[in-house]
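Here the structure comes first, spelled out in structure tokens, and everything after it is commentary.
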Amino acid sequence: GNFGQNQIVISGKNARRNKITGCYIGISPDGSDALKSIASLNGIIITANADSNTIGGSLAKERNVIGGMKRNGILIEGEGCNDNIVVGNYIGTDVTGTRPIPNKQDGIRLESGAANNHIGGALPGEGNVLSGNLSSGIRLEGVDENTIIGNKVGVASDGMSALGNGNGGIVILDGASHNIIGSIKNGAGNIISGNHYSGLQIKGHSDFTEVAGNLIGPDATGKSVVGNEHNGIMITHGASNNKIGPQNFISGNGYQSGDWASGIVIAGDSTTKNQVFANLIGLLYFQTPAGNVKHGICIQDGACYNKIGPQNIIANNGADGIHIVRNQTLYNTITQNSIFSNAKKGIDVKEGANFNIAPPVLHKANDGLVKGYATKNSLVEIYK
């Protein structure tokens, strides 16, 4: 540490298969605090076509601890910077993973065309702790086909208490596409909780992201809440064709309340063709109630042609289960979900959204008889 620019640089097309393990980068020798004398830029930078390098490892002795940088803990930038692996590190914390030593921007940033890099892993010890940073835990900016699995983003190393990043947990923007966030494979889901803004943000024409098997708001046990302060997931500014599901638990988010306190928000002109399916929104493991402060899902401000369903369970939220609002918010489909025990309506359509086609209302359902009303020419789905 204490170099005026970057601490460790891997640069050039022949810089391949290098390994950085067991280092304190920007951290005092006892692992408790940041080095003080010089404001350095990035902890580790991989650039100029360097590929297939490894930072960290699954064993505790291989872990790097990176904090106190003026910019990012790790920066991977540029086309050709592919197939790098970042596993088992503490980035933005002390050596215990319980106290913040923030990097002033992001924990890990990938930008400018870096592709097919792997952040974290499904096996024990492979997940990174990315918490306490002043901006995002992980930021993907204009990069494709990267995989982020098994990490703790916004919580301490035990996964139980908040150690939030100042902005989002994971932020995907500027056309970053075909990236993978989590998986239903055992150990591959990320914990994205305790952050000071929305847990996962997909925006700026970032398309075809796959988000599965994550805990967004719950702690590592899935039995208690360490919610993100705003939304669990926010999809906006033209992000399209993203898939949220299956098996994300999106619960307990929105401690700051206001308009940004829902499980999932889909918002903005040209934010289209996103699908949310087979998630639990407002519940923990074993379907324990843990509602988001406002809506379960909110679609607004001109978002069109999005699909909610099938197989979401949307329950226990502090306002509507699904809320669709404003007159340019059209052609959104809600199908084959289980929606119950929300504080207000199951589905609410307002201010000209979806052409003001009202959802069906059930007055009574027992002994095989269902009574209610629906708009003429509607398709009404009834199932048990």
Q: Find the strands (runs of 3 or more DSSP E) located wholly in segment 1-65 whose residues include 2 or more that are touching an Asp or Glu at 6+ places or on another chain (Cβ under 9 Å) and open to solvent by less than 30 Å² (accessible area, probe 1.4 Å), and list them.
A: 44-47
Q. Taking segment 142-168 only, how many residues are over 15 Å from HIS118 (Cβ atoms) and open to solvent by less than 10 Å² (accessible area, probe 1.4 Å)?
A. 7
Q | Residue check for TYR331: of a type in the set (Ser, Thr, Tyr), open to solvent by 20 Å² or more (accessible area, probe 1.4 Å), in contact with a helix residue (DSSP H, G or I) (Cβ under 8 Å, 6 or more places away or on another chain) and closer than 19 Å to SER270 by Cβ | A | yes
Q | Filtered residues of segment 233-255 (kept if modelled with pLDDT of 95 or more, open to solvent by 10 Å² or more (accessible area, probe 1.4 Å) and either assigned to a strand (DSSP E or B) or out of contact with any strand residue (DSSP E or B) (no Cβ under 7 Å at 6 or more places or on another chain) (or both)) | A | MET234, THR236, ASN241, LYS243, PRO246, GLN247, PHE249
Q: May I ask you to verify whether ARG71 is more than 21 Å from ASN18 (Cα to Cα), without any contact (Cβ under 8 Å) to a residue 40 or more places away in the chain and open to solvent by 20 Å² or more (accessible area, probe 1.4 Å)?
A: yes
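Residue-wise test of (1) in contact with a Pro (Cβ under 8 Å, 6 or more places away or on another chain); (2) within 20 Å of LEU284 (Cβ to Cβ); (3) open to solvent by 50 Å² or more (accessible area, probe 1.4 Å).
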{"site": "ILE314", "(1), (2), (3)": "no, yes, no"}
{"site": "GLY318", "(1), (2), (3)": "no, yes, no"}
{"site": "HIS323", "(1), (2), (3)": "no, no, no"}
{"site": "ASN342", "(1), (2), (3)": "no, yes, no"}
{"site": "ILE347", "(1), (2), (3)": "yes, no, no"}
Q: Select, from GLY187, GLY222, GLY258, the only residue that is over 18 Å from LYS152 (Cα atoms) and part of a loop (DSSP other than H, G, I, E, B).
A: GLY258
(Q) Just to verify a result, which residue in segment 169-185, among those that are more than 13 Å from LEU215 (Cα to Cα) and not aliphatic (A, V, I, L, M), is most open to solvent (accessible area, probe 1.4 Å)? (A) LYS185
**Q.** In segment 362-384, the residues that are surrounded by 11 or more Cβ atoms within 10 Å (Cβ to Cβ) and under 24 Å from PHE277 (Cβ atoms)
**A.** LEU362, ALA374, SER378, VAL380, GLU381
Q.
Anything in segment 269-309 that is assigned to a loop (DSSP other than H, G, I, E, B), open to solvent by 40 Å² or more (accessible area, probe 1.4 Å) and over 21 Å from ASP259 (Cα atoms)? List them, or say none.
A. LYS273, PHE277, THR288, TYR305
Q: Give me a count of the residues in segment 338-384 that are among the small types (Gly, Ala, Ser), farther than 26 Å from GLY302 by Cα and touching a residue at least 40 places away in the same chain (Cβ under 8 Å).
A: 1
Q. When you look at GLY372, is it of a type outside the set (Asp, Glu) and part of a strand (DSSP E or B), yes or no?
A. yes
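The values are calculated or read from the model by the stated rules, or taken from the named source; none is laboratory data. Fair warning: this is a prediction, and the values are worked out from it, not measured in the lab. Backbone-built Cβ (ideal geometry, glycine too); neighbour counts: all protein chains shown. Just so you know, the surface numbers come from the protein's heavy atoms only, side chains and all, with ligands and any DNA or RNA stripped out. Shrake-Rupley method; radii C 1.70, N 1.55, O 1.52, S 1.80 Å.
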